[in-house]
Amino acid sequence: MQYQINDYLFNDETLMLFKDGDVLRFRANEAKLLVFFLKNSDKVVSKEVILDEVWAGKVVSEQVVFQNISHLRSLFGNSAIKTYSKKGYQWQLAFKETLDAAPTPPPVNSPNETGQRPSYAKRNKIKLGLSRWLFGGLVLGTVLVVSSILFFNKAQDTGHQAAPSVSVLPISIATESKNGNKNQLSKKAHSAIWQQLIDQGNYHAVSLPADNGYADIFSVPRKYYQDITEAEQSDYLLAMSVGNRGSIYFVRYMLIGKQSFWHEELEAVSTERLNEKLISHLNQVVQSKILDIEVSDHIKITEKLTALYKKSPDDLIVLYRLIRNHSENGEPNKALLLAEELLSKSLNINNKTSEAIAYLQQALSYIQLKQTSKAQTLLEKAKLIFIDQGNYHSLVAVDHAYVGIAFTNNFDYQEIKAAYLSAIENSRKAQNPIQEFKDTILLSHIAGNLHYKDDQQLYLRQAKHVLIQSQMPREYSAVYFLYAGKHADDSVLAEQHFRRTLDILPEGHAWPEREEAREALVKLFITQQRFPDAVVLFEHISGKTPAQELSLASIYAASQYWFKAEEQGLLAFKASSLNNQYRIALNSALLLAEIYHQQNKLENKFYYIEFIKNNHKSEPFWVNYNAERLSKLGIELERQNEL
């Protein structure tokens, strides 16, 4: 049997789908589900019936149904399949049945399912499809003219671009949920969120690899992004956990894009309101494409966040991200003003979590301004709210702010240690071993840098214990070896640890720890004057990043191979400038100025010095980190306050 559905022709025996004579990509399960819907178009069918009929004899979850319905909607339109709350689904589009075995072109100017003539653009598409069947020998010029008319009319008829596609991973239950039965929560919040997201049309359910779960996705967000989005032909990847704190429901999500990700939390007094807020918020973020902006492009990110906030002034997460952005850009006064705005809005709607976050953000701004007494008062307010909620996840953030105060107070190690130990304890209460591992390894690193060798070894061993006991993702073994290498007793052991990090983390994904280990090896080899070994680290990398080009330039400069150093430095500078990677562009300009200083090429040297003077404010705290090198070149620039 064949079915004519608008411009589509579907054969239920071969399970092939045609449009304008072309065979479309159509998965077997989608085709079987379409057959089932067409043969049962007169009734509403439940998920359970669909699973029994389409996936008979197979053990699959309800999410498979959501996923395949989403794919059918992406082909035939959101209105093709109607959702009946708590009942099921029903096919909505009109279709014709025919016994013809061979695919035939769609009829020209036939009525569509509403009895109306197709739009002008659709009629042009039908005619073009017919011409393939009847007039294959038309001259090229005629085809080009028809194609250009078709393109123009299609643009007029569409009027807007399709919404970006989002792959949605299975939702988990937050570990800190309390005062409620988790199974009831799962039924009430979990299913409702799934249903409404998938009904949007551009959200598609996917399954996790069998050997991975919620913690892996949330802790290593870049790990699966490329593989999943390429397989699902989507733009974004979304992971979520739902939970409750007393009568308040919350959803914690991670939305991952091409360049960055957002890891935030929304809450509401009912699952219905939570769904409404979540969908509105996610759609705003996805459509803004802010996660496709290069992370180092602070100017564009600020512009996009400001525009988002103007468009959605009631979205407190967008306001929070804008506050954080100003803090990270070294603009504490702007962050402070917006944090006061966040506090006012939170008090107006009695949102205790947002109120506490506002206190926390105000405190962070005061720490940057070195007004630690004000910061401590605000942190106590935030802490009391989070303790009352049992919100250990957010208490960790408060502890990290206390670390900032300790750094500001002349690097007081005992204060730093106390704050990190509190964060480690709160991570345990939140049942978050990954955060516990991160804070333990960082405490070990800080102890080593401040020459507390016994503590450095103690907390490194504790980090390894958490790693093994919690069976954490393999990537965290690489993090362990990276920090073990930084504090190894001798250079041979350090090199072994850094190479273990490189072996564990593949080149195909963007792992900051891998690049950090490579940089550590470069510095080690330069110190040992093992310049060929340093160059070999980049030998098998195709399509080097600007940062990697800059590393090679540093190696050649250290070996006084000035021609190659200049060549690699210019490659790094040009690529990073074009991609708005301000930090790498500034680092490249600084190295080039040093290279030209050594060669006494003063005109070239002053060009890059001027670049640094004109652009250093685009990268917060860059001057602080490079003050000594700048001073040697006679460059004096104002430093910024930092945590």
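Please report, to one decimal in angstroms, the Kirkwood hydrodynamic radius of the stretch 534-579 built from all distinct Cα-Cα pairs.
10.5
Apply 1/(1 + (r/R0)^6) to the Cβ-Cβ distance of residue 564 and residue 303, taking R0 = 30 Å, and write down the FRET efficiency to the nearest 0.05.
Efficiency for this residue pair is about 0.20.
Could you check the simple spin-label distance between residue 48 and residue 428, using points 7 Å along Cα→Cβ, in nm with one decimal?
Placing both labels 7 Å along Cα→Cβ, they lie 4.5 nm apart.
Rolling a 1.4 angstrom probe over the protein chains, ignoring ligands and nucleic acids, what is the accessible area of residue 319 in square angstrom, nearest 10?
Accessible area, nearest 10 Å²: 0 Å².
Provide 1, 254 ordered by accessible surface of protein heavy atoms (probe 1.4 Å), highest first.
The most accessible residue leads, giving 1, 254.
With a 1.4 Å probe and all protein chains in place, put 470, 551 in order of accessible area, largest first.
Accessible-area ranking of 470, 551, largest first: 470, 551.
May I ask for the net charge around residue 607, where only other residues with Cβ less than 14 Å from the Cβ of residue 607 are counted and Lys, Arg are +1 while Asp, Glu are -1?
Net charge in that neighbourhood comes out at 0.
Residue 287 to residue 413: extension gain in nm, 0.36 nm per residue of separation minus the Cα-Cα distance?
40.9 nm
Along Cα→Cβ, 7 Å out, is where each label goes; now give me the distance between the ones at residue 370 and residue 421 in nm to one decimal.
2.9
Keeping all protein chains in the complex and leaving out DNA, RNA and ligands, what accessible area do you get for residue 296 with a 1.4 Å probe, in Å² to the nearest 10?
20
What residues of the stretch 452-478 lie in the reach of a label at residue 488, counting those whose backbone N is under 15 Å from a point 7 Å from the Cα along Cα→Cβ?
Residues 478 qualify, since their backbone N sits under 15 Å from the label point.
If packing is taken as the mean number of other Cβ atoms within 10 Å per residue, what is the order of 243-249, 270-276, highest first?
Taking the mean over residues of other Cβ atoms within 10 Å, the ranking is 243-249, 270-276.
Can you work out the FRET efficiency for the pair residue 87 and residue 314, with r the C-beta to C-beta distance and R0 = 35 Å, to the nearest 0.05?
After rounding to 0.05, the efficiency reads 0.60.
Suppose each label sits 7 Å from its Cα in the direction of the beta carbon; what would the residue 627-residue 98 distance come out to in nanometres?
7.9
To the nearest 0.05, how large is the calculated FRET efficiency for residue 539 and residue 580 if R₀ is 30 Å and r is the Cβ-Cβ distance?
0.60
Could you work out the local net charge near residue 236, counting Lys and Arg as +1, Asp and Glu as -1, over the other residues with Cβ closer than 11 Å to its Cβ?
Around residue 236, the charge tally is -1.
If 337, 17 are ordered by their accessible area, calculated over protein heavy atoms with a 1.4 Å probe, which sequence runs from highest to lowest?
The ranking, largest first, comes out as 337, 17.
Over the stretch 517-634, what is the relative contact order in whole percent, taking alpha-carbon pairs under 8 Å and six or more residues apart?
For the stretch 517-634, the relative contact order is 17 percent.
The values are calculated or read from the model by the stated rules, or taken from the named source; none is laboratory data. For clarity, every value in this text was computed on a predicted model and none was experimentally measured. When we count neighbours, we look across all protein chains shown, and the Cβ atoms used for this are built from the backbone with ideal geometry, even at glycine. Accessible surface is based on the protein model in full, side chains and every heavy atom, while ligands, DNA and RNA are left aside. Shrake-Rupley method; radii C 1.70, N 1.55, O 1.52, S 1.80 Å.
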